[in-house]
1. Note down the magnitude of the dipole of the range 9-280 about its Cα centre, charges +1 on Lys and Arg C-beta and -1 on Asp and Glu C-beta and zero elsewhere, to the nearest 20 debye.
2. Note down the net charge around Arg128, summing +1 for each Lys or Arg and -1 for each Asp or Glu among other residues with Cβ under 14 Å from its Cβ.
3. Is it possible to state the helix-based mean residue ellipticity at 222 nm for the chain, with each DSSP H run of 4+ residues giving -39500 (n - 2.57), the sum divided by total residues, to the nearest 500 deg cm²/dmol? What is it?
4. Summing +1 for each Lys or Arg and -1 for each Asp or Glu, what net charge is found among the other residues whose Cβ lies under 11 Å from the Cβ of Val49?
5. How high is the relative contact order of the range 289-381? Use alpha-carbon pairs under 8 Å, at least six apart in sequence, and give a whole percent.
6. Can you give me the P(r) profile for the range 289-381? Cα pairs, bins 5 angstrom wide beginning at 0, each as a whole percent.
7. What relative contact order, as a whole-number percentage, does the range 9-280 give when Cα pairs under 8 Å and 6 or more residues apart are counted?
8. Show me, for the range 200-205, the HN-Hα J-couplings you get by feeding each phi into the Karplus relation (A = 6.51, B = -1.76, C = 1.60, θ = phi - 60°), rounded to Hz, glycine and proline as x.
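Derivation of every value follows stated rules applied to the coordinates shown; laboratory data play no part. These numbers come from a predicted model, not from an experiment. Ideal geometry is used to build each Cβ from the backbone, glycine not excepted, and the neighbour counts take in all protein chains shown.
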Amino acid sequence: MPGASEATGASTGSRATVQGARRLVVKIGSSSLTSVSGGLEVSRLDALVDAVAGRVASGTQVILVSSGAIAAGLAPLGLTRRPRDLATQQAAASVGQLHLTRAYADAFARHDRVVGQVLLTSHDVVRRAPYRNAQRTFERLLGLGVVPVVNENDTVATDEIRFGDNDRLAALVAHIVGAEALVLLSDVDGVYDDDPRAPGAAMIDEVHGMADLASVRVAKPGASSIGTGGMASKLAAADLASGAGVPVLVAGAADAARALTSGEVGTVFAPTGPRLSARRFWLRHMAGSHGRLHLDDGAVRAVASGPAARRRSLLAAGITGSDGDFEAGDVVELVGPHGDTVARGVVAFDAEEMPELVGRKTRDLAPEFRREVVHADDLVPVGRRPAPDPAAHA
Ligand SMILES: Nc1ncnc2c1ncn2[C@@H]1O[C@H](COP(=O)(O)OP(=O)(O)O)[C@@H](O)[C@H]1O
Ligand SMILES: N[C@@H](CCC(=O)OP(=O)(O)O)C(=O)O
């Protein structure tokens, strides 16, 4: 387990990246902005905005992902605890999001900054066209000097189309906007090797892959907790972002100013994989899948193993079957002989054309079928990386 005293060059580099990033996603959790009894605590929000505005003034484009809509809606509705049912959560979010947005607009106005509200559901990112549209909107907002304030569109998100938690949403947004780093601010000052309330629990300085966290105990959020995902969702989001090349800093909201200037607080997650382009990240982590192509061993080796430069397109000869109702241009899973997904990619044929193709060498195909089924440029391997299982440690 890397400890506070074992700072390495890579960690220093990751903290330096957070410090020097020209485009940064900052996520703040509900528990750092609200209390169940008092609703939105404007003084805490103001302190966060002071830190963000300071960073913006120094030339960084900041995208703020803010939780707190549901919690901020409780007190105005006379609710004394977080509701369990989705409809009441959505009603609370409808009320609370308005409070949140108004407070952000007022707080940033003190710094002569304009904010723009961006409410997303997973529907907006699983399909390519709305995803590109969201990308363009962010780009234009940032170009206009606006601070985008993002949340899940809780009032319309049903269970099926929920991101689930804003830590994950923040990791996705970091890739949508091409941010250089992600900062997750919470009511705890970093990731601890045990429940932070346990005697002797120590904060971890740096993480170089999820294997470093194998022995970390992640306590489940209590029933009265304001936050939704607890530390487990932060670790999953940090894994998602750092695995695709984006360093992540987990720090306390009370340390926001230092987190956004020196970066010398909290726990830093060094990148564990190459930086994925926004398109490849979308393909790998966000795109909705419309079906599956089954591959033989040779095809699995061709498309999913070895360095990226040597990976090849998927040809009909390596396909043993398909299922699903996809059309050319849809995203499908590429599945190995043992049923495990080895890659995802954009398929060049409709499902109903597949019987003509399965198992055939290119030279044996009719001329109109003689092309890659999934081109190498449209294909991204899905490696398996272990993440800590909160249930196992709770
Ligand atoms: N190993 C751990 N290290 C740090 N915090 C942990 C750990 N296990 C559980 N926690 C808890 O996770 C909580 C943060 O998650 P959460 O309340 O969901 O935050 P937020 O609302 O900011 O998203 C902290 O209050 C902390 O008590
Ligand atoms: N979208 C929800 C927050 C969901 C969420 O992930 O909350 P948190 O764990 O506090 O970051 C809201 O605004 O209440």
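1. Roughly 820 debye for the range 9-280.
2. +3
3. Taking each H run of at least 4 residues, the total per residue is -9500 deg cm²/dmol.
4. Details: positive: Arg44, Arg55, Arg110, Arg113; negative: Asp46, Asp50, Asp106.
That works out to +1.
5. 35 percent
6. So the P(r) values, bin by bin, are 3, 16, 30, 28, 18, 6, 1.
7. Details: 559 pairs, mean separation 67.2, N = 272.
Once normalised by length, the contact order is 25 percent.
8. x, 5, 10, 6, 8, 7
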